[in-house]
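What follows is a set of notes on a single structure, which appears directly below.
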Amino acid sequence: MTETLDVETEVPEKASQEGEMYTWHEGMEWNPVERIILERRSVRKYKDKQVPEKLVRRILEAGRFAPSAGNSQPWKFIVVRDREMIEDMEKYVRLRCKVLKFMLNWQTSPLGKFAWLYSQMGARLMPNLMHPIPFGATALIADGKLKLFHGAPTVILILMDTRGAAKPPVDVGICGQNMILAAHSLGLGTCWVGFVEVFKFGTKWNKKLGVQWPYRLVEGIALGYPVAKPDGMIERELQEVDWWEDGRKRTVF
Amino acid sequence: MAYLTFKERTTIPTYDNPEHGTSGRVVIDHERCNGCGNCALICPGDCLYVAGVGKHKKCYMIDKAFPDCMSCNDCQAICDRDAIRVSVTYDFGYFYKILHRGELAYPRNF
């Protein structure tokens, strides 16, 4: 007599392969796109080696095909690969940051209490720009401890067409993120540089770069080969998400 | 209920006052750290420095009540030896109070 053994065989889940795309099953490894998104870190130290022109052109293509409201494409790119020009920009922004630090940083400013008053007023008028982080960065740039483009050999400036459909600032952000993810997938490092906005406190660069109505300079992207290996997964705070389903609300993290 | 009280909404924190908020903080495992200095090189807030000679060359966080650490965790990403990571994330309180965040966690593969 033979007994049939009831052996529980583990049904192997579909073996997960690296590089799987356009599909999902439980326990799947990160696909290449997810990996680029999760591992991408801001790079703040670049090698001197210039980025090949073709590579920059390829990255710009990723920006060109970004989605935008009503396909309005409210952006214009300026590529700067001239080292002297980049250094000039850095000097210019550093001088402006020195003035801002003098006016607003009550800890170091000879204006003392007045600087404190200006900063409190400024924070109410421009709460985003006077957030403690950019406020601290202004002082670091003024002291020469933080370089505007972190010594990157190539800089892409993004101009926003203010006449764009619906929400051009959002479209510009999407476009920039496209380029940044493409750049990291191609082995480059990038960093968003919002401090280029300081150019608006003067005419020199607006004139030289042709920033005029309807355009506004909103963001810069530093581009280059990173020193060491800055990309990698890190810990970050979970986000509290309100989840509505079956007529009730749950909170998930 | 409002997410911020009236007082919180109208008070701009004084950034250098530890009672108003907290800055980011990192913990460094000195057993693992070999003082290569990559993290100090890329720190956007200029919060890290390397000190010591030879075997005792280690990375430290600057001794300041309010360092410019923005808890970006780039130092953790660049560290080959898994010796540094952010332990406290920044929260400046009052007007800039951080809302609706949880614990620190790595990307979760659902």
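The values are calculated or read from the model by the stated rules, or taken from the named source; none is laboratory data. All of these numbers come straight from a predicted model, not from anything done at the bench. Positions of Cβ are generated from backbone atoms using ideal geometry, with glycine treated the same way; all protein chains shown enter the neighbour counts. For accessibility, only protein heavy atoms count, side chains too; no ligands or nucleic acids. Shrake-Rupley method; radii C 1.70, N 1.55, O 1.52, S 1.80 Å.
Some observations on this one:
- Output for the stretch A:166-211, where each listed residue is of a type in the set (A, V, I, L, M, F, W, C) and under 18 Å from residue A:41 (Cβ atoms): A:179, A:180, A:181, A:182, A:183, A:186, A:188, A:191, A:192, A:193
- Candidates B:74, B:91 - the one that is within 30 Å of residue A:27 (Cα to Cα) and either in contact with a helix residue (DSSP H, G or I) (Cβ under 8 Å, 6 or more places away or on another chain) or in contact (Cβ under 8 Å) with a residue 24 or more places away in the chain (or both): B:74
- Selection within the stretch A:93-137 - of a type in the set (Ser, Thr, Tyr) and open to solvent by less than 20 Å² (accessible area, probe 1.4 Å): A:109, A:119
- Among all positions in the stretch A:202-213, there is at least one residue which is of a type in the set (Lys, Arg) and without any contact (Cβ under 8 Å) to a residue 12 or more places away in the chain.
- Taken over the stretch B:69-108, the criterion of being facing chain A (nearest Cβ under 7 Å), surrounded by fewer than 13 Cβ atoms within 10 Å (Cβ to Cβ) and part of a loop (DSSP other than H, G, I, E, B) is satisfied by B:106 alone.
- Per the listing A:242, A:231, A:171, the residue uniquely in contact (Cβ under 8 Å) with a residue 12 or more places away in the chain and within 12 Å of chain B (Cβ to nearest Cβ) is A:231.
- Search result, residues across the stretch B:23-59 that are facing another protein chain (nearest Cβ under 9 Å) and either of a type outside the set (A, V, I, L, M, F, W, C) or in a loop (DSSP other than H, G, I, E, B) (or both): B:23, B:36, B:38, B:43, B:44, B:45, B:46
- Scanning the stretch A:196-228 for residues that are within 14 Å of chain B (Cβ to nearest Cβ) and either touching a Phe, Trp or Tyr at 6+ places or on another chain (Cβ under 6 Å) or open to solvent by 50 Å² or more (accessible area, probe 1.4 Å) (or both) turns up A:222, A:224.
- Evaluation of residue A:222 against (1) in contact with a His (Cβ under 7 Å, 6 or more places away or on another chain); (2) at pLDDT below 95; (3) not in a loop (DSSP other than H, G, I, E, B) (one fails), failing number: (2)
- Looking only at the stretch B:3-22, and only at residues there that are assigned to a loop (DSSP other than H, G, I, E, B) and at pLDDT 90 or above, the one that is surrounded by the fewest Cβ atoms within 10 Å (Cβ to Cβ): B:3
- Residue list for the stretch A:40-67, restricted to those being open to solvent by less than 50 Å² (accessible area, probe 1.4 Å), more than 19 Å from residue A:172 (Cβ to Cβ) and within 12 Å of chain B (Cβ to nearest Cβ): A:41, A:43, A:44, A:46
- Of all residues in the stretch B:23-60, those that are crowded, with 18+ Cβ neighbours inside 10 Å and among the hydroxyl-bearing types (Ser, Thr, Tyr) total 1.
- Single condition residue A:75 does not satisfy, out of (1) of a type in the set (Phe, Trp, Tyr); (2) open to solvent by 80 Å² or more (accessible area, probe 1.4 Å); (3) modelled with pLDDT of 95 or more: (2)
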